[in-house]
Amino acid sequence: MNLQYLLCIICILRSCLARYQKFADYEKASYNTTRQKIVNRTLAEAAGVYINKSYDTSLQKTVIITVAAFNQANNGFYKVYFKNFLCFIKHYQLDLIVYILHHEIANLEMEMQSLSHLGVKVLTYPDNLFWNLVNTKKSHINRGKGYAEYSGSFPSFQSYGALVMLVPALEALLLGYNVIYFDVDMGLVQNPIPYLTKGDADFVTTLEIRRCPEVYPSSDFQSVNWETIEPNTGVMHLRSTPQGIAFFRAWLERIVHHNAVNDQKMWDRKALGATYTGNCNWNQSDIPSRRKHPMSATYCFLSETLFQNGLLAILCSTKASYKDAWILNMFRHATRPINMTNPKVNSTGRFPVIVHANYCNGKSHELSVRGLWLLGDNYTDVDAEICRPYQVEHTFYNQLNWTSEVEQINHKRDYMYDAFVRNGSLIQGTYGLQVFAVDSSRRKRLIPDKDTFLELFGESFHLIKKVPSEVMAMVEEGPPLVSLKKPKGVRK
């Protein structure tokens, strides 16, 4: 081996060892017995979820938390989103714990008093637990896009990625509390607690929807491959079971091992040994979970119709080419508010539970046009009444004439059926790959391969009509056409 190369390897190893030793030193220096007493007391006071602790006694060991990054760069808007979120917390009379990333705040005591004045409970960040996790990293620190630097002397998203936002939940779990976690860039159309606490899954979260679907997962639970779905961890319900704690910690350690920025990309249910159950959803809540073995965790995805992320809530509900599928799915699978007796609420109305304004520009504008921006004009003044009253009857969802919208869509699709589903037509779902020929009985018959297509229809690819999935579903399916595929090596 070349001596220069060997010296280079030794230098790299020394650098890594020095960095890992820093993590151990940070862990040792961050131990704080006084903070631990405060944490125990605050969690005990907040447990029960509601301000009125007798409102739902089944939640006596459950807390609601969020993590505030007020000290981070470009965080001015974050504090505004937080205050708007807090308006919903007050409206539903929920008891919220705010874990604050305190490391760069000049006057921490004043900041904590300011937050307490807004009616929330405040805890400093669990540094010791954070460094305990980071100190599990023994692998090489990956470089490049998608990887966190792992270079900072205190927890921050810039240095350690999304891991920073998850550690407070682990602290509460380890102390025996179930955790309901929220990001703050969202509007709570309905009280989310009754929807979040169904079933018995150890880990409950929402779906990451990266395109507007024609067929929504919530409408077809049985055929969805839940093993391939990516979570969106802006909303979570974590149960403090031995399996749930082990699963959650293993997930965080996996993030550390890869020094990944994105927590969701590290959420690999096979690697983490978890089993899917659907019982966090209203239509499957009576089905108990089944574990692969006694210590394996269970997870559940909430309906994307009720818990909508930015793309689905904003683009899919407004863009003409996607809105029809959104309207139909909402009409079939969304809900009216629980215990709603308000006569101003549309009797045919359909409502999500949460609108999470992630992955979109103009969050405050998008929430505002949906009736979900509650901050008053004096929201910068902590002594002012910052919240407008929340009225579900003023939301976008109540103002839609759902029956009329559905009737128009059905009329349009009947027209499309008559226009496209004719003898000899070639049709294909909007996002589908399969091509069908329509026979004289108006049945769709699968064209099994390219050779068959060319033999029967020549180079007529331009005649294939894209048809919405709802229209495709209206067409009776006949037997596939007989394949005319040629054996290998045989040319025309």
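Under 30 Å from Leu454 (Cα atoms), among the polar types (S, T, N, Q) and either under 27 Å from the mean Cα position of the chain (by Cα) or modelled with pLDDT of 90 or more (or both): does that describe Asn339? So that I can check it myself, show each step before the final result.
Values: under 30 Å from Leu454 (Cα atoms): no; among the polar types (S, T, N, Q): yes; either under 27 Å from the mean Cα position of the chain (by Cα) or modelled with pLDDT of 90 or more (or both): yes.
Here the answer is no, as Asn339 does not meet what is asked.
Give all pairs with beta carbons closer than 6 Å in which a residue from the stretch 29-44 that is in contact (Cβ under 8 Å) with a residue 40 or more places away in the chain meets a residue that is outside any loop (DSSP other than H, G, I, E, B) and charged (D, E, K, R); count only pairs at least 6 apart in sequence or on separate chains.
That search, which allows pairs on different chains as well, returns Ser30/Asp127; Thr42/Lys121.
Condition (residue is part of a helix (DSSP H, G or I) and under 19 Å from Tyr55 (Cα atoms)) applied to the stretch 106-121: is it met by at least one residue? Walk me through how you get there before you give the answer.
First, pick out the residues of the stretch 106-121 that are part of a helix (DSSP H, G or I): 108-117.
Of the ones still in play, those that are also under 19 Å from Tyr55 (Cα atoms) are none.
Checked the stretch 106-121: no residue is part of a helix (DSSP H, G or I) and under 19 Å from Tyr55 (Cα atoms).
Could you tell me whether any residue of the stretch 443-453 is more than 26 Å from Arg413 (Cβ to Cβ) and surrounded by fewer than 13 Cβ atoms within 10 Å (Cβ to Cβ)?
yes
Restricting the search to the stretch 259-278, which residues are touching a residue at least 40 places away in the same chain (Cβ under 8 Å) and crowded, with 18+ Cβ neighbours inside 10 Å? Can you show your working first?
Taking the stretch 259-278 and keeping what is touching a residue at least 40 places away in the same chain (Cβ under 8 Å), we get 259-265, 269-270, 274, 276-278.
Listed by number, the residues that qualify are Asn259, Ala260, Val261, Asp263, Arg269, Ala274, Thr277, Gly278.
Taking Gly199 as the residue in question, decide whether it is closer than 30 Å to Asp95 by Cβ and part of a loop (DSSP other than H, G, I, E, B). Can you show your working first?
Values: closer than 30 Å to Asp95 by Cβ: yes; part of a loop (DSSP other than H, G, I, E, B): yes.
It is true that Gly199 is closer than 30 Å to Asp95 by Cβ and part of a loop (DSSP other than H, G, I, E, B).
Of all the residues that make up the stretch 167-217, how many are more than 14 Å from the chain's Cα centre (by Cα), open to solvent by 10 Å² or more (accessible area, probe 1.4 Å) and among the hydrophobic types (A, V, I, L, M, F, W, C)?
3
Is it the case that Met330 is buried (at least 24 other Cβ atoms within 10 Å of the Cβ), farther than 19 Å from Asn358 by Cβ and among the aliphatic types (A, V, I, L, M)?
On the way: buried (at least 24 other Cβ atoms within 10 Å of the Cβ): yes; farther than 19 Å from Asn358 by Cβ: yes; among the aliphatic types (A, V, I, L, M): yes.
Yes; evaluated as a whole, the condition is true for this residue.
State yes or no: is Ala162 open to solvent by 40 Å² or more (accessible area, probe 1.4 Å) and of a type in the set (A, V, I, L, M, F, W, C)? Steps first, please.
Details: open to solvent by 40 Å² or more (accessible area, probe 1.4 Å): no; of a type in the set (A, V, I, L, M, F, W, C): yes.
Answer is no for this residue.
Every residue, every condition in (1) among the aromatic types (Phe, Trp, Tyr); (2) out of contact with any helix residue (DSSP H, G or I) (no Cβ under 8 Å at 6 or more places or on another chain); (3) within 28 Å of Val345 (Cβ to Cβ); (4) not in a helix (DSSP H, G or I), yes or no:
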| position | (1), (2), (3), (4) |
| --- | --- |
| Ser368 | no, yes, yes, no |
| Glu393 | no, yes, yes, no |
| Val406 | no, no, yes, no |
| Asn423 | no, yes, no, yes |
| Leu433 | no, yes, no, yes |
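Going by what's in this entry, would Lys412 be described as assigned to a strand (DSSP E or B) and open to solvent by 70 Å² or more (accessible area, probe 1.4 Å)? Give the derivation first.
Details: assigned to a strand (DSSP E or B): no; open to solvent by 70 Å² or more (accessible area, probe 1.4 Å): yes.
Against the criterion (assigned to a strand (DSSP E or B) and open to solvent by 70 Å² or more (accessible area, probe 1.4 Å)), Lys412 does not qualify.
Any residue at all in the stretch 456-477 that is in contact with a Phe, Trp or Tyr (Cβ under 6 Å, 6 or more places away or on another chain) and open to solvent by 40 Å² or more (accessible area, probe 1.4 Å)? Before the answer, list the steps.
In the first step, residues of the stretch 456-477 are kept if they are in contact with a Phe, Trp or Tyr (Cβ under 6 Å, 6 or more places away or on another chain); the result is 465, 467, 471, 474.
Add one more test, that the residue is open to solvent by 40 Å² or more (accessible area, probe 1.4 Å), and what stays is 465, 474.
Within the stretch 456-477 (the criterion being in contact with a Phe, Trp or Tyr (Cβ under 6 Å, 6 or more places away or on another chain) and open to solvent by 40 Å² or more (accessible area, probe 1.4 Å)), the answer is yes, since at least one residue qualifies.
Return the residues of the stretch 415-442 that are aromatic (Phe, Trp, Tyr) and either crowded, with 16+ Cβ neighbours inside 10 Å or touching a Lys or Arg at 6+ places or on another chain (Cβ under 7 Å) (or both); say none if nothing qualifies. Spell out the reasoning first.
Within the stretch 415-442, the subset aromatic (Phe, Trp, Tyr) is 415, 417, 420, 431, 436.
Across the stretch 415-442, the qualifying residues are Tyr417, Phe420, Phe436.
Pick from Asn84, Asn71: which is part of a loop (DSSP other than H, G, I, E, B) and either modelled with pLDDT of 95 or more or of a type outside the set (A, V, I, L, M) (or both)? Spell out the reasoning first.
Working: Asn84 fails: part of a loop (DSSP other than H, G, I, E, B).
When all the criteria are applied, what remains is Asn71.
Please indicate, with yes or no, whether at least one residue in the stretch 294-313 is in contact with a strand residue (DSSP E or B) (Cβ under 8 Å, 6 or more places away or on another chain), at pLDDT below 85 and surrounded by 19 or more Cβ atoms within 10 Å (Cβ to Cβ).
Within the stretch 294-313 (the criterion being in contact with a strand residue (DSSP E or B) (Cβ under 8 Å, 6 or more places away or on another chain), at pLDDT below 85 and surrounded by 19 or more Cβ atoms within 10 Å (Cβ to Cβ)), the answer is yes, since at least one residue qualifies.
In the stretch 122-147, which residues are open to solvent by less than 50 Å² (accessible area, probe 1.4 Å) and touching a strand residue (DSSP E or B) at 6+ places or on another chain (Cβ under 7 Å)?
Within the stretch 122-147, Val122, Leu123, Thr124, Tyr125, Gly146 qualify.
The values are calculated or read from the model by the stated rules, or taken from the named source; none is laboratory data. Because the structure is a prediction, the values reported are computed rather than measured. Don't worry about glycine lacking a Cβ; one is built from the backbone with ideal geometry, like all the others, and counts go over all protein chains shown. Heavy atoms of the whole protein, side chains included, go into the accessibility calculation; ligands, DNA and RNA do not. Shrake-Rupley method; radii C 1.70, N 1.55, O 1.52, S 1.80 Å.
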